[in-house]
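*Asks:* First the structure, then my questions, so here it is.
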Amino acid sequence: MAMTVDAFCLSFPALARSTNKSHISALLEVLETRQISAGQTLIQENQSSDTFYMLLEGSLNVTMNSDGQKLSLGTIDKGGCVGEISMLDDAPEAATVTANKDCTVLALSEENFWKLDKQNPAASTGFLRSLSHFMSDRIRAATELLLPLIESTDVPADSAVLSEMLTNAYANLYGLGEKA
Amino acid sequence: MNLSDVLRQSPEFSGLPTRELDMLADTMVVRDYPAGHHFIKEGRPGDTFYIIVEGQVVVTRKTAHHVAEINHLKDCQSFGMISLIDHGKSTATCTAVGPVKAASLPRTAFEMLYHSNIPLANHFLHIVSRQLRHDMRNLANQIRTAMTQDSSDEIKNALLK
């Protein structure tokens, strides 16, 4: 069954806050519901992806390769999103995203975004405004955690503490929850 | 050079149709600013977008021991774009190096344009979201580089690049 505008607003309030219901309705027409099996990789580090995913059900694990080791960064839970950076750019992804369990996602491909942009520019503008707020909040959250490292004269000397501060900032940048 | 020409030569607005470009130019106010003028101050909320008509602006950030220069902007370059949609505190200071002629667009004027001209609003939001994607990617890379450093000074340097 197709998702309603109200259900979208409840599931993804951050993506609905700077736009109106008629624009969300137009957005829903270009979103695809996809089932992802446990263990399936949605996004591969260092490869470009052209799709923005909104997680309706399930949980995603985010990892990155660090000196040949697979480093677990955290999870994306129901209501979370991933792929916002590379949906409209060709840049490579910074991390690998894999389903922890069977998931349901709403997918916005680059092709469908541009279709919306052409057919209903007001709706795509509203979506971009919400997405921009969303990214701006994440940059701010990550930067706040990094400020003590940049501005303070009293930076912790313990490498484990420094490493945790950096990992937390990275997790905030991508809206990640606890590690799987 | 008039403001429409400046906008036409800027990387952000060069693709804008003439009608929207002229409308944007009509909404912005061109002023002369003295050397040392702070357009944006780190830690304070920003609410204005600027494009430099003539002159130079330095972008700096405070660190524990000094003020780090992170960018140097010249004619036809802009700053403050994200403050049009984000009400948070500015993360850098933008200061006139010498006398600067610049055009400004406050958030209130942007909101009027946003609601009255969809093509222009769409163009702005494409630029803002592209800038934010770039900033997110940069920050992710800075954190990743910092993770590989051993000392707090090296970490600090990685985060300021």
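*Asks:* Filter the range A:65-95 down to residues that are within 12 Å of another protein chain (Cβ to nearest Cβ), under 13 Å from residue A:176 (Cα atoms) and touching a Lys or Arg at 6+ places or on another chain (Cβ under 8 Å), then give me how many there are.
*Replies:* The total comes to 1.
*Asks:* If you don't mind, there's one more thing I want to ask. Of the residues that make up the range B:102-116, is at least one surrounded by fewer than 20 Cβ atoms within 10 Å (Cβ to Cβ), in contact with a Phe, Trp or Tyr (Cβ under 7 Å, 6 or more places away or on another chain) and over 29 Å from residue A:148 (Cα atoms)?
*Replies:* So far as the range B:102-116 goes, yes, one or more of its residues are surrounded by fewer than 20 Cβ atoms within 10 Å (Cβ to Cβ), in contact with a Phe, Trp or Tyr (Cβ under 7 Å, 6 or more places away or on another chain) and over 29 Å from residue A:148 (Cα atoms).
*Asks:* Continuing with this model, one more query. Filter the range A:26-68 down to the residues that are part of a loop (DSSP other than H, G, I, E, B), among the acidic types (Asp, Glu) and touching a residue at least 40 places away in the same chain (Cβ under 8 Å) and list them by number.
*Replies:* Answer for the range A:26-68, where residues must be part of a loop (DSSP other than H, G, I, E, B), among the acidic types (Asp, Glu) and touching a residue at least 40 places away in the same chain (Cβ under 8 Å): A:45, A:50.
*Asks:* Which members of the range B:30-84 meet the condition of being more than 25 Å from residue B:121 (Cα to Cα) and among the aromatic types (Phe, Trp, Tyr)?
*Replies:* Residue satisfying the conditions is B:33 alone.
*Asks:* Among the residues of the range B:31-54, how many are part of a strand (DSSP E or B) and within 14 Å of chain A (Cβ to nearest Cβ)?
*Replies:* 2
*Asks:* Which pairs turn up if I take residues in the range A:3-15 that are closer than 17 Å to residue A:57 by Cβ and among the aliphatic types (A, V, I, L, M) and look for partners that are modelled with pLDDT under 95 and assigned to a helix (DSSP H, G or I) with beta carbon separation below 6 Å, at least 6 apart in sequence or on another chain?
*Replies:* If the second residue must be modelled with pLDDT under 95 and assigned to a helix (DSSP H, G or I), the pairs left are A:15/A:130.
Listed here are the residues, each with its yes/no results for (1) of a type in the set (Val, Ile, Thr); (2) under 18 Å from residue A:134 (Cβ atoms); (3) out of contact with any strand residue (DSSP E or B) (no Cβ under 8 Å at 6 or more places or on another chain).
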| residue | (1), (2), (3) |
| --- | --- |
| A:26 | no, no, yes |
| A:34 | no, no, no |
| A:41 | yes, no, no |
| A:45 | no, no, no |
| A:49 | no, yes, no |
| A:55 | no, yes, no |
| A:61 | no, no, no |
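*Asks:* Out of the residues in the range A:152-180 that are within 10 Å of chain B (Cβ to nearest Cβ) and modelled with pLDDT under 75, which is surrounded by the most Cβ atoms within 10 Å (Cβ to Cβ)?
*Replies:* Here the answer is A:155.
*Asks:* State all residues of the range A:123-180 that are aromatic (Phe, Trp, Tyr), in a helix (DSSP H, G or I) and within 14 Å of the chain's Cα centre (by Cα); if no residue qualifies, say none.
*Replies:* Passing the criteria: A:134, A:170.
*Asks:* Still on this structure: Mind listing whichever residues of the range B:75-94 are under 12 Å from the mean Cα position of the chain (by Cα) and more than 14 Å from every other protein chain (Cβ to nearest Cβ)? Full working, then the answer.
*Replies:* Residues of the range B:75-94 under 12 Å from the mean Cα position of the chain (by Cα): B:76-84, B:90-94.
Of everything in the range B:75-94, those that are under 12 Å from the mean Cα position of the chain (by Cα) and more than 14 Å from every other protein chain (Cβ to nearest Cβ) turn out to be B:76, B:77, B:78, B:79, B:94.
*Asks:* Just one of B:14, B:4 is outside any strand (DSSP E or B), of a type in the set (Ser, Thr, Tyr) and modelled with pLDDT of 90 or more; which is it?
*Replies:* Of the residues listed, the single one that is outside any strand (DSSP E or B), of a type in the set (Ser, Thr, Tyr) and modelled with pLDDT of 90 or more is B:4.
*Asks:* Condition test on residue A:107, is it surrounded by fewer than 19 Cβ atoms within 10 Å (Cβ to Cβ), in contact (Cβ under 8 Å) with a residue 24 or more places away in the chain and assigned to a helix (DSSP H, G or I)?
*Replies:* The answer is no for residue A:107.
*Asks:* The conditions are (1) free of Cβ contacts under 8 Å to residues at least 40 places away in the same chain; (2) within 7 Å of another protein chain (Cβ to nearest Cβ); (3) surrounded by fewer than 19 Cβ atoms within 10 Å (Cβ to Cβ), and residue A:144 fails exactly one of them. Which is it?
*Replies:* Failed condition: (2).
*Asks:* Turning to a different aspect of this structure: What residue, among those in the range B:146-161 that are surrounded by fewer than 17 Cβ atoms within 10 Å (Cβ to Cβ) and closer than 30 Å to residue B:10 by Cβ, is modelled with the highest pLDDT?
*Replies:* B:160
*Asks:* Taking the range B:130-148 only, how many residues are facing chain A (nearest Cβ under 8 Å), within 18 Å of residue A:84 (Cα to Cα) and either touching a Phe, Trp or Tyr at 6+ places or on another chain (Cβ under 6 Å) or not charged (D, E, K, R) (or both)?
*Replies:* Residues in the range B:130-148 being facing chain A (nearest Cβ under 8 Å), within 18 Å of residue A:84 (Cα to Cα) and either touching a Phe, Trp or Tyr at 6+ places or on another chain (Cβ under 6 Å) or not charged (D, E, K, R) (or both): 5 in total.
The values are calculated or read from the model by the stated rules, or taken from the named source; none is laboratory data. Just so it is clear, the structure is predicted and the values come from calculations on it, not from any experiment. Here the Cβ is made from the backbone with ideal geometry for all residues, glycine too, and neighbour counts use every protein chain on show.
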